[in-house]
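What follows is a set of notes on a single structure, which appears directly below.
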Amino acid sequence: MDILTQQLFNGLTIGSVYSLVALGLTLVYGILHIPNFAHGALYMLGAYITLTTMLLWGFNYWVAIAISVLVVGLLGVLMDRLVFHQLRNAPPIHDKIAAIGILLFLEALAQLIWGADYRSMSTPYGEVINMFGLTVTMQRVLINVGAIAVMILLFVFLKKTYIGATIIAMAQNREGAHLVGINTNKVAMLTFMLSGGLAAFAASLSAPINLVFPGMGHLVILKAFVIIILGGMGSIPGAIVGGYILGFSESLGATYLSNDYKDIIAFLLLVIILSFKPKGLFSREGF
Amino acid sequence: MSKLRLVLFVMMVSFVFVLAGCIENTSNPDAGEGEAEAETQEADTEEGEKVVNIGYSGPLSGAAAYYGERTLNGVKMAVEEINTNGGFEVDGQTYKIELNSLDDKYLPNETAANAKRLLQENDTPIIFTPHSGGVKAMQVFNEKEKFIIGAYTSEPGVTAEGNELTVRIPPRYDGYMDPFTTYAMENFGKKIAAIPTASQYGKDWTDMLMPHWEEAGGEVVYNSSVDFSKDTDFFTMVTNALENDPDVMFIGGPSEPTAKLAEQARKLGFEGGFIIMDQAKLDEMKSVTGTYETFEGAVGVLPLVDAEYPGTDQFVEKYRQKFDEDPGSEAGFNYIATHIFKEAMIAAGTVDDAEAIREHMQAGIEALPEDKQVYTVSKIEEDGGFVTGLSVAAVENGEIKSIEVDQ
């Protein structure tokens, strides 16, 4: 029984990280229909910026996260203005190529600035807690609580605020939103800001349990794409549910079936879900 | 609008420069800047001097870049030393060495392409590469094109097939099986859980260690590999491994993620010992956790900084000065190999006949001055492998303790 609860907790932790990354990806996709391959690079930069501000200026972990969220969010906006906005009238393939270009650029840049070696981020939350036969660390509890808090905030923001409503409006119908007077450029920038911020937050939370290195975005980005396809491209509940499905299937699959085949289990699940719901679990109708 | 864009851009760029290079990490100082794709360390030749080109192909970008850089650093340092000492004389002609390095991103096919390029453009008699895949890719044509592969890999397979122009620099890993097994079994117990890295190298290692462990009367209770390039969290895997109540854990891969894995095992309550694959270095693992206590009872390769060969101290000091970090065995081995190649060229009386150079490797080893002996290579075997004493160490009471191995 112990192992089941332990693995459920492990699945929850990893699912939280996946969900946060997938949320950023799905937001941008919902609004702009761009599969942002560079999202993994934003994730990586988020971790580096948090680490740098902590080490260089000795900031508190949470202050460092706030700075990182802001900086990476702005970087997202910059990406939109400099690249994706310019390509708004180009065929969709150009967006994809540009996204891959940004990914390569940012990774090379990170290696130039911070070097290629692994770095570890230490937080004040390393202590081990044993409760109900579970072994967890404070950092893992933070990941879970933090992720859920951010998801709730995001939901409230989108559903209850005026600015959030403009994002939903634009996701539902771009032309329509434009016609009723929504500034679509601003909404696009806002979406990129949110997306970058979410990536930075996810990275800053999960970096202490792993390491910070230029290739760290690859750990999550492929899985995030799986999640948004599974959940429905552009769907927010889809990204959340999809993230946890993948997290649990990995941890439980590794325990009760086979660790070597845990990725196969996750992808098999994708195939099964898509055969019944070809558009994903929550086919998008404005989030 | 475009003004705003410009201002934003300038702000972003300046932020990047503010960050650039200032990050401080007390336990793990900067590993040096990223390498350009093709870089040449040019030799200042004076009149009447000639240049020998030496090639290097290894991962200088991507996930394994730090590893590639460290191997390259060893070769670089040796080349610099040789050149500042006025080069070397072969048959009355003074030569200096020019090092041409190319990035292969750890991909064997790229190594092969790089080797072709190095041969065509620089006519290199020796090409270094730090991974077994690259070695095997070059072995397809190195005898025909006549160049020596400076193979930095402990994979026994690279010298098993009788390639006549391959020189394997580090000791074969099969030598570690016995001392590692004996130590772990005597000190901890007979049940082992294996969580090695998912690379081919990791699999080969595991396939050799597991039968050995069982032969020695042990039991394998868990065996599954971890993919450090795909898994964000190791808790799941470690939880499953610990469910089988192992006494010893076999782990390995790049040092830093391996250290993280060990740390997570400790957090989940594992109290046994570790067997650490030779790819991971104890001193580099320590830089992640800040203390050896996490790895109490671990048995692995002796860190170079703790070794006591005649030239080690001098090398460690020089390396620290130059690169501002502790050298690992990958830098040390490539350093002596470069010096040995130089001595072999002198002994062979030629700088471009690869076969002659290979034949005089033994003479090169014997001619290696004592102060360059970061490791002591006693001889080169028929198959092209250097014979170096195995250096094994264990962590006891939070400190590195060297273990004597009967050869």
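Looking at the range A:90-137 only, could you name the residues that are part of a loop (DSSP other than H, G, I, E, B) and under 25 Å from B:ALA280 (Cα atoms)?
To start, the set of residues in the range A:90-137 that are part of a loop (DSSP other than H, G, I, E, B) comprises A:90-91, A:115-118, A:120-127, A:132-133.
Selection gives A:GLY115, A:ALA116, A:ASP117, A:TYR118, A:SER120, A:MET121, A:SER122, A:THR123, A:GLY126.
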*Failed condition for A:ASN144, given (1) modelled with pLDDT under 90; (2) within 14 Å of another protein chain (Cβ to nearest Cβ); (3) more than 24 Å from A:LEU55 (Cα to Cα), with all others met?*
(1)
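Just wondering, is there one or more residues in the range B:122-143 that are of a type in the set (Phe, Trp, Tyr), within 19 Å of B:HIS339 (Cβ to Cβ) and either modelled with pLDDT of 90 or more or crowded, with 22+ Cβ neighbours inside 10 Å (or both)?
First pass over the range B:122-143, keeping only residues of a type in the set (Phe, Trp, Tyr): B:128, B:141.
From what is left, the residues that are within 19 Å of B:HIS339 (Cβ to Cβ) are B:128.
Those still in the list that are either modelled with pLDDT of 90 or more or crowded, with 22+ Cβ neighbours inside 10 Å (or both) too: B:128.
Yes, the conditions are met somewhere in the range B:122-143.
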*asked:* Just to check your reading of the model, which residue among A:TYR43, A:TYR29 is closer than 12 Å to A:PHE201 by Cα, assigned to a helix (DSSP H, G or I) and either out of contact with any helix residue (DSSP H, G or I) (no Cβ under 9 Å at 6 or more places or on another chain) or touching a residue at least 24 places away in the same chain (Cβ under 8 Å) (or both)?
replied: A:TYR43
*Could you list, in sequence order, the residues of the range A:165-191 that are part of a helix (DSSP H, G or I), of a type in the set (S, T, N, Q) and over 17 Å from A:ILE236 (Cα atoms)?*
A:THR184, A:ASN185
*Test result for B:THR294, out of contact with any Lys or Arg (no Cβ under 6 Å at 6 or more places or on another chain) and β-branched (Val, Ile, Thr)*: no
*Where in the range B:330-407 are there strands (runs of 3 or more DSSP E), lying fully within it, with 1 or more residues that are over 23 Å from B:GLY157 (Cα atoms) and β-branched (Val, Ile, Thr)?*
B:392-396, B:399-403
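From B:ILE403, B:ILE357, which residue is among the aliphatic types (A, V, I, L, M), in contact (Cβ under 8 Å) with a residue 40 or more places away in the chain and surrounded by fewer than 21 Cβ atoms within 10 Å (Cβ to Cβ)? Lay out the reasoning, then the answer.
Numbers: B:ILE357 fails: surrounded by fewer than 21 Cβ atoms within 10 Å (Cβ to Cβ).
B:ILE403 is the lone residue from the list that is among the aliphatic types (A, V, I, L, M), in contact (Cβ under 8 Å) with a residue 40 or more places away in the chain and surrounded by fewer than 21 Cβ atoms within 10 Å (Cβ to Cβ).
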*Hey, could you check the range A:244-276 for residues that are free of Cβ contacts under 8 Å to residues at least 24 places away in the same chain and over 26 Å from B:GLU243 (Cα atoms) and say which is farthest from the other protein chains (Cβ to nearest Cβ)?*
A:PHE276
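What number of residues within the range B:45-64 are in contact with a helix residue (DSSP H, G or I) (Cβ under 8 Å, 6 or more places away or on another chain) and at pLDDT 80 or above?
Final tally of qualifying residues: 9.
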_Being more than 18 Å from A:GLY126 (Cβ to Cβ), away from chain A (no Cβ under 14 Å) and either surrounded by 24 or more Cβ atoms within 10 Å (Cβ to Cβ) or in contact (Cβ under 8 Å) with a residue 12 or more places away in the chain (or both) narrows it down to one residue among B:GLY328, B:GLY273, B:GLY253; which is it?_
B:GLY273
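Based on this model, can you work out whether B:GLY297 counts as more than 25 Å from the chain's Cα centre (by Cα) and under 25 Å from B:ASP178 (Cβ atoms)?
no
The values are calculated or read from the model by the stated rules, or taken from the named source; none is laboratory data. Since the structure is predicted, the reported quantities are computational estimates derived from the model, not experimental observations. Positions of Cβ are backbone-derived with ideal geometry, glycine not excepted, and every protein chain shown enters the neighbour counts.
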